[in-house]
1. Check Thr42, Thr32 and return the single one that is modelled with pLDDT of 95 or more, in contact with a helix residue (DSSP H, G or I) (Cβ under 9 Å, 6 or more places away or on another chain) and under 22 Å from Lys344 (Cβ atoms).
2. Could you tell me which of the residues Gly473, Gly405 is surrounded by 18 or more Cβ atoms within 10 Å (Cβ to Cβ) and over 30 Å from Lys353 (Cα atoms)?
3. Inside segment 116-187, counting only strands (runs of 3 or more DSSP E) that do not spill past its ends, which hold 1 or more residues that are more than 28 Å from the chain's Cα centre (by Cα) and among the aliphatic types (A, V, I, L, M)?
4. For segment 353-374, which positions are surrounded by fewer than 24 Cβ atoms within 10 Å (Cβ to Cβ), modelled with pLDDT of 95 or more and of a type outside the set (Lys, Arg)?
5. Can you say whether Asp456 is of a type outside the set (Phe, Trp, Tyr), modelled with pLDDT under 95 and touching an Asp or Glu at 6+ places or on another chain (Cβ under 9 Å), as far as the supplied structure shows?
6. List the pairs whose first member sits in segment 36-54 and is in a helix (DSSP H, G or I), whose second member is acidic (Asp, Glu), and whose Cβ atoms are under 8 Å apart, counting only residues at least 6 apart or on separate chains?
7. Can you tell me which residue in segment 265-318 is modelled with the highest pLDDT, limited to those that are part of a strand (DSSP E or B) and among the aromatic types (Phe, Trp, Tyr)?
Amino acid sequence: MKSLLSIAALSLLFIACGSSQKSKTTSPQITTDPSVYAATITQDDLKTALYQFASDEFEGRETGAEGQKKAIKFLRDHYISFGVPAAKKDGDYYQNVPLEVQSKPDVALTINGQALKNIEDFVSINPMETSQLQATEIVNLGYGIQDDAFSNYDNIDIKDKVVFFINGEPKNPDGTYVISGTKTASKWSNFREEFALKRDLAQEKGAKAVLYYNPDVFAMAALRYGTSSGRMSLVGKDKSMFYFLVNTPTVTALFNKDVTSYDKSFKNEILTANLSLDFTNNSKALASENVAAIIRGSEKPDEYIIVSAHLDHEGIKKGEVYNGADDDGSGTVAVLEVAQAFAKAKKEGHGPKRSIVFLNVTGEEKGLLGSRHYTDNDPIFPLANTVANLNIDMIGRTDPERKEGDRNYIYLIGSDKLSTELHDISEMVNTKYTNVELDYTYNEENDPNRFYYRSDHYNFAKNNIPVIFYFNGTHDDYHKASDTPDKIEYDLLENRTRLVFYTAWELANREDRIVVDKGE
């Protein structure tokens, strides 16, 4: 699972892709008892697969490294042995994910004659190509918001302009937020969302560069983006606009006055300012891969249920292998077992009505990169035809914060965010087949952990595709070399994997596609 610090790096796009369907759900007409196939998901099979996948042989499955190449071969070979074809038309199970390993760029930035210092006064977020930029005007966009209740974009064109905005959103004199009308802030104030949300809005409107002032997180961003620590990013779409997080000296050079807050009525202004930028990218190319397989639907083959997990982990650190047995070896072998169960059903003439896609993604630990490449750059199947994503990330352990003996649970996140129907189906399936306690603790909107934004399902959710994230919570071995397969509770892993299978079975075989009734 993606670490909390790394979430700031995510490029999150809030683009609805029209997956809502105006249909009335009817009961599925299934003539086969799915428990026959769920029974093929066993502790022994899960354990056998995980002891290999999370062994030292795979060297911690670092994105782009030799261990990750062994991992994708392991997955491909299993799909072949199950008789589950490749998802791509060319028969290749691998989807190439072009990445770059970032090194600190060389940047010379001058504003109004003042030479600013890279890392101390500003930090580059986007891995731009080597380039130069000159500007004599900068658009002050205030909060950088466009919403029905408030917009900084009224009557202004930012195409090919340098823009400036700050974090947060406007408040009324009584302390309520203008946008929500309540004491509760909107998405425009949540750093993990606004970091990219405001950036992407400016990018869509054609900005050439963005200067984003958020002093509360500058030190963290400088530490993450300002070192040559091997941070990775996707090649391609991030390179059309400069994006800088700026510190107070940069703001002082631009305004020579305090702009840490604005009156709620402030919209925008054009500033006369001389800006000169010389940028040299020092990143290096890296090849990595997702693995994708499919069982074609018998009646609705062009509608897709995606069952996903991330195949990568932390690699080797200071000579220790980070095996990632729970994170996310448990999810990976669960996807394999679900695939095998559906393959057996199809072989016996009881294949799903809709297509089931088994997607093992790379680069999750580096910023949800593999899933973002799939949704943003190269979806193998149209997002508009993607019914739901069931994402599995850490389901083999128990949360030590739960009371002792309370084992038979799973945290569910996101099931009700976009589709009431998906949530109801999930509850129904569990009651009928598995009887796991479905715990929604981390599904709360104000959950400080923000797990909804920290695993691969989010790249589907941001595109209006309903999701369920299956998660056992963190533990003392999270992101440590001690996350090993001997600590997995295989009876729990079996039952939770069966829950995913039953849910996928139900979604695939219902007469009508589930309805998106809460989309952005």
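1. After applying the criteria, what remains is Thr42.
2. Checking each option against the conditions leaves just Gly473.
3. 131-140, 162-166
4. The one that is surrounded by fewer than 24 Cβ atoms within 10 Å (Cβ to Cβ), modelled with pLDDT of 95 or more and of a type outside the set (Lys, Arg): Val357.
5. no
6. Pairs found: Gln43/Asp491; Gln43/Glu494; Asp45/Glu337; Leu46/Glu337; Leu46/Glu494; Ala49/Glu337.
7. Out of the qualifying residues, it is Tyr304.
Residue by residue, here is whether (1) closer than 23 Å to Glu365 by Cβ; (2) touching a Phe, Trp or Tyr at 6+ places or on another chain (Cβ under 6 Å) holds:
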| residue | (1), (2) |
| --- | --- |
| Gln52 | yes, no |
| Glu57 | yes, no |
| Gly60 | yes, yes |
| Ala71 | yes, yes |
| Ile80 | no, no |
| Val84 | no, no |
| Lys89 | no, no |
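The values are calculated or read from the model by the stated rules, or taken from the named source; none is laboratory data. Fair warning: this is a prediction, and the values are worked out from it, not measured in the lab. Note: ideal-geometry Cβ built from the backbone for every residue, glycine included; neighbour counts use all protein chains shown.
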